1. Please list, ordered by residue number, the strands (runs of 3 or more DSSP E) wholly in segment 52-95 having 1 or more residues that are within 28 Å of the chain's Cα centre (by Cα) and more than 16 Å from ligand 2 (Cβ to nearest atom).
2. Within segment 308-337, track down each residue that is surrounded by 11 or more Cβ atoms within 10 Å (Cβ to Cβ) and at pLDDT below 90.
3. Would you mention how many residues in segment 284-305 are of a type in the set (A, V, I, L, M, F, W, C), closer than 14 Å to L159 by Cα and either within 17 Å of the chain's Cα centre (by Cα) or within 16 Å of ligand 1 (Cβ to nearest atom) (or both)?
4. All but one of (1) more than 18 Å from E116 (Cβ to Cβ); (2) assigned to a loop (DSSP other than H, G, I, E, B) hold for D20; which doesn't?
5. Find all pairs meeting these conditions: Cβ atoms under 6 angstrom apart; at least six residues apart or on different chains; first residue within segment 93-107 and within 19 Å of G75 (Cα to Cα); second residue within 16 Å of ligand 2 (Cβ to nearest atom) and part of a strand (DSSP E or B).
6. Within the group V147, V168, which residue is closer than 28 Å to V318 by Cα and of a type in the set (V, I, T)?
7. Taking segment 27-63 on its own, how many of its residues are closer than 18 Å to P81 by Cβ and of a type in the set (S, T, Y)?
8. Just checking, does segment 111-122 include any residue being outside any loop (DSSP other than H, G, I, E, B), within 16 Å of ligand 1 (Cβ to nearest atom) and over 13 Å from R49 (Cα atoms)?
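The values are calculated or read from the model by the stated rules, or taken from the named source; none is laboratory data. Model, not experiment: these values are computed from the prediction. Positions of Cβ are generated from backbone atoms using ideal geometry, with glycine treated the same way; all protein chains shown enter the neighbour counts.
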Amino acid sequence: MPVQPTWDVSQIDYRAIVNDWHAVCLSSEVEEDKILPIRLMGEDLVVWRHDGAIHAWKDYCRHRGAKLSLGWVKGDRLVCPYHGWEYDGQGQCRHYPAHPSRTPGPRSRAYTHKAEERYGYIWVCIGEPKGEVPAFPNWLDDDYRKVSAGPYVYQANALRAIENFLDVAHFPFVHADLNGDPNAPDELETYDVNVTPEGLTTSEIKVFQPYGDHRGIPVTAKYAFSCSSPTTAYFEKKTGDTERFCTLMMATPVEQNKCIVRLIVAINFGEELTTEQILKRQDLVFNQDRRMVETQRPHPLPVNVRDEIHLSSDKLGVEYRRWVQRRAKDHDLSILTEAPTVDA
Ligand code: FES
Ligand code: CO
């Protein structure tokens, strides 16, 4: 690795997510022939776009370690600001300005990563992706209106943020007078968690919401969660025969203990609700969650399930922790190490 990440790559939480897709920014933040510096998993990356294609590379020039994000796009190439090396869309250097007749060798390559555009966001994997960008089943369904919310910056581990999203028992307390009543918390029934190598899904989890479903109508909501990457989770909430309120939550791991939470809400009712009303409620909820998640200790998620005390309502969290731990064991880190080289 050219520059050591600030996050110890041997940590379980790092290993569990290094081969996953992470939503790093809105598609609209990277315009044609523009460069955006971003931070992901303790490293600086540069994201740039040419001819519509998205590139995500380490923000690092192979010559002398300058930041490519300080450079510019010239034709279909990214130019390093220091000595003007020109890298093509595959990351191969094509031109050394100090030696214009020389053909750059195969080792003069930027460190490239895989990038995809999905759901209005750019997703990057700094390892080897094992699968697709996490599914968002409502995205192509026109019956659902979509609203992007966030970003919410949490000084917290991304896995803590996702576990919070998967936890319904905190609603009456953290979201008092919004999503439950702290003086009359609902007893939670047991539910099933289905675990496969691809991830977790739950049966419906019933939660009485005295203040209603965005329209102020008291309702027993039924949440079905799914999680196909430790940093991306989804729920479908049924609040009536046909009413569905769904959320894709993306917790982008910026550093070990800093993440950016982004959401896409998909809703098939409440035409009268304005986008501002929907966003205001999400802002309120995720800022309430932030206070808890930022102050949990230890900051990383304790994946050893003996480290904390669990109740039956924590079943999803327990299975999530076990799954994260298994993924960390499975993942190969050898792709992240490479010997130094010269273009001889
Ligand atoms: Fe990039 Fe020299 S450091 S061209
Ligand atoms: Co919450």
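1. Working: elements: 53-58, 72-74, 77-79, 93-95.
So the answer is 53-58, 72-74, 77-79.
2. Selection gives D330, H331, D332, L333, I335, L336.
3. 2
4. All conditions pass for D20, except number (1).
5. If the second residue must be within 16 Å of ligand 2 (Cβ to nearest atom) and part of a strand (DSSP E or B), no pairs are left.
6. Working: V147 fails: closer than 28 Å to V318 by Cα.
Result: V168 is the single residue among V147, V168 that is closer than 28 Å to V318 by Cα and of a type in the set (V, I, T).
7. 1
8. Initial filter on segment 111-122 (outside any loop (DSSP other than H, G, I, E, B)): 112-118, 121-122.
Still in the list and also within 16 Å of ligand 1 (Cβ to nearest atom): 112.
The next check asks that each one be over 13 Å from R49 (Cα atoms); those that pass are 112.
Yes, the conditions are met somewhere in segment 111-122.
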